[in-house]
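First the structure, in the form of structure tokens, and then the observations on it.
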Amino acid sequence: MGFAEQRFNVNLSILFTELPLLERPAAAAAAGFTAVELWWPWVDSPTPAQSELDALRRALEGAGVQLTGLNFYSGQLPGPDRGALSIPGEESEKFRANIDVVADFAESVGCKALNALYGNRVAGVDPVEQDALALRNLVLAAQAADRIGATLLIEALNKVESPLCPLVSAPAAVGVVDKVNHASGLGNARFLMDLYHLSMNGEDLPQVIAGYADRTGHVQIADNPGRGAPGTGTLPLEDLLDQLGKAGYEGWVGLEYKPGDRPSAEAFEWLPREARAAR
């Protein structure tokens, strides 16, 4: 198997960021890719003007690339925040205001995977209270995703870079997936398996794959150390993706790595151009 057998998309919130947002879809297409994903692009606004949403939709359509994944509003990302949905007060209110905006935009471009980052623990707030708030908000997100036939993704981050986030292991994230599916009755919440984050946690990646491939809705990769392109670190990413395939995973693999000290267009030499277009 190997890299050439995977279905890759490019994360335009970490790659091609040297370009304005609306130029990134065309840049990904010029590099040979036909599928992309995004963090929520408007970090200061969960409810941008319709003209901004329309401009992004036109940029995607004009470039001929499919948006296959989109984050809900997550606060300042990149930055100090790790999500908003478990943060009492203004941040969770922003998350709720964002839910239908994301779902409607995703529906307009045919995007079928929506990622809801959990958020950090807040000093002075009972974790039980935060988790109850998170579950209520995730059920609302699951309902919105279901309305458009999409999957709700719940991601495990890593405790080194996100020490205040409680979802810093595969079991923790999958536990939330199970709670959301039970509470919503919809069964459309799935695990986002980010191999970089899990490796930073020191988790046994083959064991994670064997245990959770059947509940995984999306996979993201970057090498470790460094969060660079495959081959810049020591992770056996090609072998791990093969293991995922053998375990039954047939979904997208998001390229969520840093290009390093070079233009993003030069950060794909590890992947033959003929293997970049979605199949």
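The values are calculated or read from the model by the stated rules, or taken from the named source; none is laboratory data. This is a predicted model, so every value here is computed, not measured. Cβ atoms come from the backbone with ideal geometry, glycine included; neighbour counts cover every protein chain shown. Accessible surface is based on the protein model in full, side chains and every heavy atom, while ligands, DNA and RNA are left aside. Shrake-Rupley method; radii C 1.70, N 1.55, O 1.52, S 1.80 Å.
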Handout entry: Arg57/Ala277 FRET efficiency (R0 22 Å; Cβ-Cβ; nearest 0.05)
Key = 0.55
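What helices does the chain have that are whole DSSP H segments, at least 27 Å long along their own axis by Cα, and with mean Kyte-Doolittle hydropathy of -0.5 or more?
Going by DSSP H runs, the hits are 90-109, 127-147.
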Problem - FRET efficiency, 1/(1 + (r/R0)^6) with R0 45 Å, evaluated for Ala4 and Leu164 via beta carbons - result: 0.70
Problem - Lys, Arg +1 and Asp, Glu -1 on Cβ, resulting dipole of region 1-101 about Cα centre, debye, nearest 20 - result: 220
Completion exercise
Output for region 2-117 (equivalent-ellipsoid semi-axes, sqrt of 5λ from the C-alpha gyration tensor, Å, descending) is 25, 15, 13
Handout entry: Inter-part distance where region 167-197 and region 258-272 are each reduced to a Cα centre, Å
Key = 31
Practice task
Could you work out how far the C-alpha centroid of region 35-52 sits from that of region 54-113, in angstrom?
Solution key: 6
Exercise for the section: Calculate, for the chain, the solvent-accessible area per residue in square angstrom, rolling a 1.4 angstrom probe over the heavy atoms of the protein chains. Expected result: 40
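Run the helix sum for the chain: -39,500 (n - 2.57) per DSSP H stretch of 4+ residues, divided by residue count, reported at 222 nm to the nearest 500 deg cm²/dmol.
About -11500 deg cm²/dmol.
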Practice task
On the protein heavy atoms, probe 1.4 angstrom, tell me the percent of accessible surface of the chain carried by carbon and sulfur.
Solution key: 52
